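Everything on this sheet refers to the single structure shown next.
The values are calculated or read from the model by the stated rules, or taken from the named source; none is laboratory data. This is a predicted model, so every value here is computed, not measured. A quick note on method: Cβ atoms are made from the backbone with ideal geometry, for glycine too, and the neighbour counts reach across all protein chains shown. SASA here: full protein model, heavy atoms, side chains in, ligands and nucleic acids out. Shrake-Rupley method; radii C 1.70, N 1.55, O 1.52, S 1.80 Å.
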Amino acid sequence: VAIVGETVITEKEARQFIEPAIVALERQPGLTRQSYNERAMEIYKDGLNQLIERQLTLNDFKSAGYSFPESIIEDFVQERIRERYGDRVKLIKTLEAQNMTYDQFRTDIRDQFIVEQMNLKNVSSAVIISPFKIATYYAEHPEDFKLPDQVRLRMIELRKRDGGDPEAVRRLARELVAKLAAGTKFAEMASVYSDGSQKREGGDLGWVNRSVLRKEFADATASLKPGQRTGVIEVPDACFILQVEEVKSAQLRPLTEVRDEIEKTLLNQERARLQKKYVER
């Protein structure tokens, strides 16, 4: 399916190379046959391109007259065995199942090492992200760093049990609202009566984006200030009482907080550009 210099890449090699990605694709639920075929073809083309680029890099390594001591290669091979297989016994069993010899495996790992080192030399070592680039990216992509309206809530959840008396749940909810109004602390009531998973934390839900709250909760807390509570919120399977602890309006995350994220994004973009340039050369 491809010839790179004097090296032939067969369809069998390409299919073996993409097999893990195809297995993962087959496990995805809800894929139509057409979607599967289209995605499988994309994976095949991408895998073939990776094999071609790898062979181009190996040829560049050879033509440049580079070499590595075999001891370094062997250390790398042993490290990969420990990472992926744990020990040599498991490795040999896996290779037998794949109809691959240890020599073939070692050659593949050696090629991976060479490609990684060539990429470090020609791509990664050339990447420098200046503070100016980071600040410029931040200024040009404000939507990426916006925090939506957030609210920190406590919740008491009273579930309506199958076969139970829903009126008894409503009555308990009203009693709790009255106790809260009389000054009982919300966290104490939640830790005793709530059926929610945050019972041990006094019903503390932590910070939540208002946009992801279920509509009943969002509507009931929309105008509340910190320290204020809802009445009883009833849905088919439960009754809820919510208390607003803190509120944060939509805001832009500061540059000091997102600097590392931006630098990582720019590094990946620049490495991809340099990798493409290197392969084209």
(request) Multiply the residue separation of I72 and E140 by 0.36 nm, subtract the distance between their alpha-carbon atoms, and state the gained length in nm to one decimal. (result) 20.0 nm
(request) For log10 I(q)/I(0) by the Debye sum over Cα atoms at q = 0.11, 0.13, 0.15, 0.16 Å⁻¹, several values are listed as (i) -0.90, -0.98, -1.12, -1.21; (ii) -0.67, -0.87, -1.07, -1.18; (iii) -0.56, -0.81, -1.14, -1.34; flag the one computed from this structure. (result) (i)
(message) Among the listed pairs K146/K276; K45/K264; K62/K277; K45/K276; K62/K276, which have their C-alpha atoms separated by more than 24 angstrom in this model?
(response) K146/K276; K45/K264
(request) For the chain, find the longest principal axis of its Cα atoms and tell me its angle to the long axis of helix 70-84, 0 to 90°, nearest 10. (result) 30 degrees
(request) Would you mind calculating the gained length between E234 and R27 on full extension (0.36 nm times residue separation, minus the Cα-Cα distance), in nm to one decimal? (result) 70.6 nm
(request) With a probe of 1.4 Å, find how much accessible area segment 215-281 has per residue, and write the answer as a whole number in Å². (result) 64 Å²
(message) If each residue of separation counts as 0.36 nm, what is the full-extension length gain between R82 and A2 once their alpha-carbon separation is subtracted?
(response) 25.5 nm
(request) With the convex hull built on the Cα atoms of segment 95-176, state its orientation-averaged projected area in nm². (result) 15.9 nm²
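Please quote Rg/Rh for segment 115-163 to two decimal places, taking the Kirkwood radius as Rh and restricting both calculations to Cα atoms.
Details: Rg = 24.3 Å, Rh = 16.6 Å.
On the Cα set of segment 115-163, Rg over Rh gives 1.46.
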(request) Taking 7 Å along the Cα-to-C-beta vector as the label spot, tell me the M100-T184 distance in nanometres, rounded to one decimal. (result) 6.4 nm
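Out of all Cα-Cα pairs in segment 119-259, roughly what percent, to the nearest whole number, are more than 27 Å apart? All intermediate terms of the calculation are to be shown ahead of the outcome.
Details: 4006 of 9870 pairs.
So the pairs more than 27 Å apart make up 41 percent of the total in segment 119-259.
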(request) Mind computing the radius of gyration and Dmax over the alpha-carbon atoms of segment 207-281? Å is fine for both. (result) 22.3, 69
(request) Would you mind getting me the FRET efficiency between S130 and A272? Use the beta-carbon distance for r and R0 = 25 Å, nearest 0.05. (result) 0.85
(request) Rounded to whole Å and ordered largest first, report the semi-axes of the equivalent ellipsoid of segment 1-160 derived from its Cα gyration tensor (root of 5λ). (result) 38, 27, 21
(request) Would you please give the residues with an amide H less than 5 Å from that of D204, counting only those at least 5 places away or on a separate chain, with H modeled from the backbone geometry? (result) M155
(request) Hey, can you find the accessible area per residue of segment 47-180 for me, probe 1.4 Å, expressed in square angstrom? (result) 61 Å²
(request) Evaluate the charge dipole of the chain about its Cα centre and quote only its size in Debye, nearest 20, assuming +1 on the Cβ of each Lys and Arg and -1 on the Cβ of each Asp and Glu. (result) 720 debye
(message) Let me check something: with ligands and nucleic acids excluded, how do R84, R110, R200, R154 order by accessible area (1.4 Å probe), largest to smallest?
(response) R200, R84, R110, R154
